[in-house]
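Here's the structure, in structure tokens; my notes come after.
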Amino acid sequence: MKNNIWDRLMNLDRRWVYLVIGLVTFLPILVMVDMPVQITSEVKSVFDRVETLPEGTVIMIPMEYSPDTMAELQPMARAVLRHCFSRGLKVISTALQIQGVLLIEQDLRTIADEYDKVYGEDYVFLGYKPYPDIVILNMGENFRKPFPLDYYNNELDDLSMMAGVSNYSSVACIVNINATSGVDSWINYANGRYGVDLALGVTAVIATDYYAFLQSGQIFGLMGGLKGAAEYERLIGRKGVANKAMTSVSVAHVFIILFIIIGNVAFFASGRGNRA
Amino acid sequence: MESISIGTMFWMTVAAFLTFCIFSFLYRDNPFYRFAEHLVVGISAGYWIAILYHTSLTDLWIDPLFASVTAFGNAEGSVAGKIGMLMVNILPGAIGLLMFSRFFKKTSWVSRWPIAYYLGVSAGVALPLYLQGFVIRQVAANMMDPRSIFGMIFAGGGAANFFQGIGEIIIIIGSICGLAYFYFSAEHKGIFGGAAKLGIWILMIGFGATFGYTVMARISLLIGRLNYLIEWVGALSGFFGS
């Protein structure tokens, strides 16, 4: 039986699809076209909260991402940290996902160095401890309970920034940048149990799960994936990796939509729809 | 341009090589892909052990345990207090060590004790708070005064207010219809069947949004790797050009 074009499309080797997606993602990176990015209210509210905090206020930015999700969350974390340090806020950070501890420590140190921030005076990195639920609960009582020492083995009381900082009541808000389902623990324990204001920066895969918490008022802001990072970069007026990537994202999305349409048309035109 | 050391260049090249190894799976399964896959599993296990030892085992157990032992050499404090502190530090470690009984067939059942302890504590802590955060607060968010919703739509507060009011109605109807679909004790026909059908549509829209976000996430990861490869090529040319 002679194959028509629709049959051939239905039997197309999927590696051609991979190749096209690879090319349409790669080529726009080289072109560097500045795509428009709409600022959403959920990202703006995170920016506004940080923007209105007085200089010297302590803010907590727990970061839970690892090399497999850094493409999405590292630009977001860097943008939020840049905003905090440029506003003269003091940052407490943790890394409750074990694979990302070194990566997050490096990111925090790199951005702090950009603004000549001093460790112990302007920022503190508590590091990793197992069982995030228990750690988040214990920090609500006292940071010193789960973290008798910081990541660099300093006593917390030896760090000038930690003077008078005991638990969540000492921080203005938490902006949790998280690639895992550990987000639930921050909602339940930090916000639910201790009532601290919470905003989330999450991977795009899990972003839709957390819009319900935005609507219920359990979180005050939400940044989803690379798009959320691109928005935040624009808000702080420093376009970085996320904004450069938006062109590739847009072009790749157009091609994926085209493939979905072509695949569906081919499915029905080849008569497989009737057989199904 | 900042000069790159030979060590940095070497490790950047290793990372680029491993990226190509993983990408090669898109063509077909091959030994390079399997090598990279096994490498990441092995390195992850070693990395976990090192991080856990240095960030948790030492300052949460070993150091306090030694401190409570050496405290017996100090004149300060009562003996009963010191014994109590020693027990507080010994017990968690001892319970944790019971996990290793799994390696011996005869005693493997003992490992259930620490698991039971952990599950018991976790469930006790989590249940009330999950119920509060994921059920009660979510239900409460859907209980809105109809007057405020109609006020948003008809009071002429601008387009933003109007659409917020419409959004609130969609959320309430969507939640009720979505729940109706998952109610299986009544046949899905008549008004109830219609609500359940609308519920499926609402769920499908939700899945569609999640799919769209997932596509963006995967493309973002690809961009991350491509950016790295571009950076590596730039570093390589700078290294050999200098």
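Descriptive notes on the structure:
- Selection status of A:E64, surrounded by 21 or more Cβ atoms within 10 Å (Cβ to Cβ) and modelled with pLDDT of 95 or more: yes
- Pairs with Cβ under 7 Å, 6+ apart, first in segment B:16-29 and under 17 Å from B:G224 (Cβ atoms), second hydrophobic (A, V, I, L, M, F, W, C): B:A16/B:L229; B:A16/B:W232; B:L18/B:A36; B:T19/B:L229; B:C21/B:F32; B:C21/B:F35; B:C21/B:A36; B:I22/B:A36
- Qualifying residues in segment A:230-245 (those that are within 12 Å of chain B (Cβ to nearest Cβ) and out of contact with any Asp or Glu (no Cβ under 7 Å at 6 or more places or on another chain)) - the one farthest from B:F134 (Cα to Cα): A:K244
- Among the criteria (1) free of Cβ contacts under 8 Å to residues at least 40 places away in the same chain; (2) touching a Gly at 6+ places or on another chain (Cβ under 7 Å), the one A:D116 does not fulfil is (2).
- If you go through segment B:53-70 and keep only what is open to solvent by 60 Å² or more (accessible area, probe 1.4 Å) and in contact with a helix residue (DSSP H, G or I) (Cβ under 8 Å, 6 or more places away or on another chain), you end up with B:W61, B:V69.
- Test: residue in segment A:68-83 that is in a loop (DSSP other than H, G, I, E, B) and in the same structural domain as A:S185 (by TED's automatic domain parsing): yes
- Selection from segment B:190-242 of residues that are within 14 Å of another protein chain (Cβ to nearest Cβ), of a type in the set (A, V, I, L, M) and in contact (Cβ under 8 Å) with a residue 60 or more places away in the chain: B:L229
- For beta carbons closer than 9 Å, sequence separation of 6+ or different chains, a first residue in segment A:132-147 that is aromatic (F, W, Y) and at pLDDT 90 or above and a second that is surrounded by fewer than 18 Cβ atoms within 10 Å (Cβ to Cβ) and part of a loop (DSSP other than H, G, I, E, B), the qualifying pairs are A:F143/A:S166; A:F143/A:N167.
- Residue identified as in a helix (DSSP H, G or I), open to solvent by less than 100 Å² (accessible area, probe 1.4 Å) and farther than 30 Å from A:V17 by Cα among B:G77, B:G93: B:G93
- Residue match in segment A:134-146 (condition: assigned to a strand (DSSP E or B), buried (at least 17 other Cβ atoms within 10 Å of the Cβ) and either in contact with an Asp or Glu (Cβ under 8 Å, 6 or more places away or on another chain) or not assigned by TED's automatic domain parsing to the domain that holds A:E72 (or both)): no
- Sub-9 Å Cβ pairs linking a first residue in segment A:246-260 that is facing chain B (nearest Cβ under 10 Å) and surrounded by 15 or more Cβ atoms within 10 Å (Cβ to Cβ) to a second residue that is modelled with pLDDT of 95 or more and not in a helix (DSSP H, G or I), at least 6 apart or interchain, number zero.
- When segment B:108-122 is limited to residues that are open to solvent by less than 100 Å² (accessible area, probe 1.4 Å) and modelled with pLDDT of 90 or more, the one that is farthest from A:I219 (Cα to Cα) turns out to be B:S108.
To keep it simple, each residue is scored yes or no on (1) open to solvent by less than 50 Å² (accessible area, probe 1.4 Å); (2) in contact with a helix residue (DSSP H, G or I) (Cβ under 6 Å, 6 or more places away or on another chain); (3) at negative phi; (4) charged (D, E, K, R).
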| residue | (1), (2), (3), (4) |
| --- | --- |
| A:M76 | yes, yes, yes, no |
| A:R109 | no, no, yes, yes |
| A:Y123 | yes, yes, yes, no |
| A:G127 | yes, yes, no, no |
| A:P130 | yes, yes, yes, no |
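- Test: A:V171 is away from chain B (no Cβ under 12 Å) and touching a Gly at 6+ places or on another chain (Cβ under 8 Å): no
- Criterion applied to B:S185, B:S148 was being open to solvent by less than 70 Å² (accessible area, probe 1.4 Å) and among the polar types (S, T, N, Q), and the one residue passing it is B:S148.
- Once segment B:122-150 is narrowed to residues that are part of a helix (DSSP H, G or I) and in contact with a Ser or Thr (Cβ under 8 Å, 6 or more places away or on another chain), the residue that is farthest from the other protein chains (Cβ to nearest Cβ) is B:A140.
- Entry remark, segment B:105-148: residues being polar (S, T, N, Q), over 24 Å from A:L214 (Cβ atoms) and touching a residue at least 12 places away in the same chain (Cβ under 8 Å) number 1 in total.
- For segment A:28-40, a tally of residues being open to solvent by 90 Å² or more (accessible area, probe 1.4 Å) and within 13 Å of chain B (Cβ to nearest Cβ) returns 3.
- Meets criteria (outside any strand (DSSP E or B), basic (K, R) and surrounded by fewer than 18 Cβ atoms within 10 Å (Cβ to Cβ)) for A:R15: yes
- The set of residues from segment A:181-210 being within 17 Å of A:I134 (Cα to Cα) and more than 7 Å from chain B (Cβ to nearest Cβ) comprises A:S181, A:G182, A:V183, A:D184, A:S185, A:W186, A:A190, A:N191, A:Y194, A:G195, A:V196.
- Any pair with Cβ under 7 angstrom, 6 or more apart, that starts in segment B:37-65 at a residue that is touching a residue at least 24 places away in the same chain (Cβ under 8 Å) and within 10 Å of another protein chain (Cβ to nearest Cβ) and ends at one that is surrounded by 14 or more Cβ atoms within 10 Å (Cβ to Cβ) and in a helix (DSSP H, G or I): B:P64/B:N89
The values are calculated or read from the model by the stated rules, or taken from the named source; none is laboratory data. Note that the structure is a prediction, hence the values are computed from the model and not measured. Cβ sites come from the backbone with ideal geometry, for glycine too, and all protein chains shown count toward neighbours. Surface accessibility is based on the protein's heavy atoms, side chains included, excluding ligands, DNA and RNA. Shrake-Rupley method; radii C 1.70, N 1.55, O 1.52, S 1.80 Å.
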